Amino acid sequence: MSNFKINTTINYSPNFDFKKRKPKQIKFIVFHYTGMKREKDAISRLTSANSKVSCHYLIKNNGEILTLVPELYNAWHSGISRWKNFRSINKYSIGVEISNPGHEHKYKKFSKRQIKSVLELSLYLKRKYKIKREFILGHSDISPDRKKDPGEKFPWEYLSKKKIGCWHNIKNKELLRQRNVSINEVEKKIFIKNIMKIGYLRNFEIKKNNTKLIIQAFQRRYRQSLISGIIDKECLSISINLVKN
C-alpha cells in the first residue's frame, strides 16, 4: 500500500483503540461535520482525552487535511451505528470530520476547498481499501435516530458523479411533479422495504417513534431541498431507483 499517498498535517488524538486492525477490515468511509461554532474548538475537542471522541481525518475550512488517528486504528466517531448487517461501524470505517458549525450553530455550505479535499481524500481511501461506493456514508445514514450530519448541504450528488457515494438518476422535473403527492399504505411499506435494502435500519429496529427520523435521514441524503419526514411519491421513486441501480 506504500504507493498510496495524500498530503496531510499530523495532529494526533489520544482517542482510539490500541488494537490494530487489518486493512481488509476497512469497508466504510463516514462523513461528519464538527458541529461547533469555532474550528479550533472542534480540533481541541477531537484531540482531548477527556472528550472520548475522535476521527481519522479532519478537513478544515481552508481545505487543509489533518490526520488525527492513523487509519489502521479504530477512531471514536460513529458511536451506536448500523448499516446493512454491520453494527458498531467504528470497527470497519474511516471517519472524516469536516469543519462546519452544523444545524445548532447556523449550518452553512461547505467551502469549495473543503469539497476539493473531500473528493481527493475519498478517492485515495476508496482506491487504497477497495471501498464500495454504497459504503461511503454520512453519520445520519448509520445513526439516523440521533444524528443529522453531514446534513443536506453536503454535495452528495456532485460527489456521486465522481463515484463517491450513491445517487439516483431521475431528472429534477420528474421529481418535482411527484413532490408532496400522497401515496397509500402499501406504497409506504414498499418505501420502507427499499430503504432497508439500501442499508438503513432493519425492520425490527424501526419503531414508531424513530420512523420519521429515518425518513428525514434518507431525505437529507437523497432529497436535500425538502426534509419533511413524510413519505411522498418523490421519495418512493428515489428509493425504487436506488434499489434498481
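Take the Cα radius of gyration of the stretch 110-226 and divide it by 2.2 N^0.38 Å, with N its residue count; two decimals is plenty. Mind showing how you got there, number by number?
Working: Rg = 15.3 Å, N = 117, 2.2 N^0.38 = 13.4 Å.
Normalised by 2.2 N^0.38 Å, the Cα Rg of the stretch 110-226 equals 1.14.
Cα atoms only, the stretch 172-244: Rg and Dmax in Å?
Rg, Dmax (Cα atoms, Å): 11.3, 36.
What is the Å³ per residue value for the convex hull set by the Cα atoms of the stretch 6-88?
Details: hull volume 9.3 nm³, N = 83.
For the stretch 6-88, the hull spanned by Cα atoms encloses 112 Å³ per residue.
Go through the stretch 38-82 and name the chymotrypsin sites (Phe, Trp or Tyr not before Pro) that are in a DSSP coil and have 16 or fewer other Cβ atoms within 10 Å of their Cβ.
Values: sites: TYR57, TYR73, TRP76; in loops: TRP76.
Sites meeting the loop and neighbour criteria: none at all.
Under 8 Å for C-alpha pairs, at least 6 residues apart: give me the relative contact order for the stretch 172-244, rounded to a whole percent. Display every interim value, and only then the final one.
Values: 63 pairs, mean separation 35.2, N = 73.
Once divided by the residue count of the stretch 172-244, the mean separation gives 48 percent.
Report, as a whole number in µm² per second, the diffusion coefficient that Stokes-Einstein gives for the stretch 94-150 at 20 °C and 1.002 mPa s using the Kirkwood radius over alpha carbon pairs.
Details: Rh = 12.7 Å.
Rounded to a whole number, D works out at 169 µm²/s.
In angstroms, what radius of gyration and Dmax does the stretch 33-134 have, counting Cα atoms only?
Cα-based Rg and Dmax for the stretch 33-134 come out at 13.7, 37 Å.
Tell me the mean residue ellipticity at 222 nm calculated for the chain from its helices only (DSSP H runs of n ≥ 4, each -39500 (n - 2.57), averaged over every residue, nearest 500).
Working: 8 runs with 83 residues, N = 245.
After summing the helix terms and dividing by the residues of the chain, the value is -10000 deg cm²/dmol.
Translational diffusion coefficient of the chain at 25 °C, 0.890 mPa s, Stokes-Einstein with Kirkwood Rh over Cα pairs, in µm²/s as a whole number. Before the final figure, lay out the partial values.
Details: Rh = 18.4 Å.
Here the translational diffusion coefficient equals 133 µm²/s.
Quick note: the coordinates plus some simple rules give every number you see, no bench work behind them. The model shown is predicted, which means the values in this text are computed figures rather than measured ones. Note: ideal-geometry Cβ built from the backbone for every residue, glycine included; neighbour counts use all protein chains shown.
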